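Notes to accompany the following structure.
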Amino acid sequence: MSNSFLKSVENRRSIYGISSEPILSDEQLEALIQHAVKHTPSAFNSQTARVVLLLGEQSDRLWEITSDTLKKIVPAENFGSTAQRMKMFAGGYGTILFFEDMQTVETLQEQFEEYKDNFPTWSQQSSGMLQYVIWTALSDEGYGASLQHYNPLIDDAVKAEWNLPSSWKLMSQMPFGKVAAPASDKEFMPVEERMHVFK
């Protein structure tokens with residue numbers, strides 16, 4: 001089986017050792033992410049995903065906000081490892097913020113009441129697909145990335161810092177940069193336990 005897409009799926013890993021050395025130009029990065037946003041599917045073609053790309057000092061600012069927020073809840077004697085993680089994420093080239101527009105979700109719930117309970121789930125599924133598409137596309141270009149979830153702790157501060165709509169719900173943060181340290185070995189449980197075929 002020789003399929004470049006499946007090879008890309010295999011190669012995408014959580015990479016924490018990243019550097020700020022550029023690979024693509026900022027314009028190429030923007031085009032890559034815009035392409036993913038445009039073509040990743042969503043339920044009822046609702047297009048609820050919203051993305052913010054933070055580069056350079058703007059990305060650094062996100063991790064300052066996150067660090068300041070965590071200092072309020074993490075005991076000082078335990079904050080050393082947290083500070084190291086913040087420094088690691090800030091050491092990359094940028095960070096992608098993934099949001100869902102909940103106003104659009106609520107409008108769909110009103111329009112299609114029979115599916116009301118499903119739309120929040122479908123919104124999350126669509127966001128997950130977009131995160132995966134962008135993550136894999138970045139990996140193909142030589143970037144390392146990981147997916148972080150400091151939401152909802154940082155939601156209000158992030159919206160205030162970048163003047164984002166109140167209806168946007170922060171789903172995840174993806175720091176990325178040139179790979180500085182490879183991913184560790186990954187263990188797999190037998191796929192036969194996870195997949196069944198009936199003929």
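The values are calculated or read from the model by the stated rules, or taken from the named source; none is laboratory data. Treat the numbers as computed from the prediction; the structure is a model and nothing was measured. Ligands, DNA and RNA are stripped out before the accessible areas are found, and what is left, the full protein with its side chains, is counted by its heavy atoms. Shrake-Rupley method; radii C 1.70, N 1.55, O 1.52, S 1.80 Å.
In the chain, the portion of solvent-accessible area held by carbon and sulfur atoms comes to 50 percent [1.4 Å probe, whole percent, DNA, RNA and ligands not counted]. Projected onto its three principal axes, the C-alpha set of the chain covers 52, 45, 38 Å, listed from the longest axis down. When only Cα pairs below 8 angstrom with a gap of at least 6 residues are kept, segment 1-148 shows a relative contact order of 44 percent. In the full protein context, the chain carries 61 Å² of accessible surface per residue, based on a 1.4 Å probe and ignoring ligands, DNA and RNA.
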